[in-house]
Amino acid sequence: MIRFFQSPEEMRCTWVVDDGCVFLYPATDATPGESAQAIPVKHCAIHSYALDRGIDWKSFKPTDCVQYPLCIYQRDGHTVLALQEEPGHARVPCLNNPIGPRMYQSLSDTITYLLGPVFNERVQAYGRAHFQE
């Protein structure tokens, strides 16, 4: 989307209304561990609908949503997978909440979809080797 705006500071998701994604709905999840606490979160309605019905969410979710918050680009002849760098990240709950699996784990299907199973296995192996559970 950044190519449609004059600068990264102006970049914004076209699906954002009142500083939130139009597909988000409020929910409550528990933090992991013995001292589980309820934390307010927002879930994607499209993603939840698909998971509840066993549908491949990548087949009908908007492309920007499928890859978000990842970006893929070429640098020195190599494919680079990174987090998007845009000002709205501070408002994205899944990037700031300590609940659930690590991002590289929860985005495993997305990484496979975008870059293939071999690339994803390399990411997962790197994560297992460098991050504690």
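The values are calculated or read from the model by the stated rules, or taken from the named source; none is laboratory data. Only a predicted model underlies this, so the values are computations on that prediction, with no experimental measurement involved. Methodologically, a virtual Cβ is constructed for each residue, glycine included, from the backbone with ideal geometry; neighbour enumeration extends over all protein chains shown. Note: areas computed on protein heavy atoms with side chains; ligands, DNA, RNA excluded. Shrake-Rupley method; radii C 1.70, N 1.55, O 1.52, S 1.80 Å.
Side notes on the structure shown:
- Those residues of the range 80-103 which are within 14 Å of Leu114 (Cβ to Cβ) and at pLDDT 80 or above, in sequence order: Val80, Leu81, Ala82
- Test result for Ile39, more than 23 Å from Pro117 (Cβ to Cβ), touching a residue at least 40 places away in the same chain (Cβ under 8 Å) and exposed (fewer than 15 other Cβ atoms within 10 Å of the Cβ): yes
- Verdict on Gly77 being modelled with pLDDT of 80 or more, surrounded by fewer than 14 Cβ atoms within 10 Å (Cβ to Cβ) and under 28 Å from Ala38 (Cβ atoms): no
- Among the residues of the range 49-83, those identified as part of a helix (DSSP H, G or I) and touching a helix residue (DSSP H, G or I) at 6+ places or on another chain (Cβ under 9 Å) are Tyr49, Ala50, Leu51, Trp57, Lys58, Ser59, Cys65, Val66, Gln67.
- Of all residues in the range 105-121 being surrounded by fewer than 13 Cβ atoms within 10 Å (Cβ to Cβ) and not hydrophobic (A, V, I, L, M, F, W, C), the one that is nearest to the chain's Cα centre (by Cα): Ser106
- Candidates Asp64, Asp52, filtered to the one that is open to solvent by 50 Å² or more (accessible area, probe 1.4 Å), modelled with pLDDT of 80 or more and not hydrophobic (A, V, I, L, M, F, W, C): Asp52
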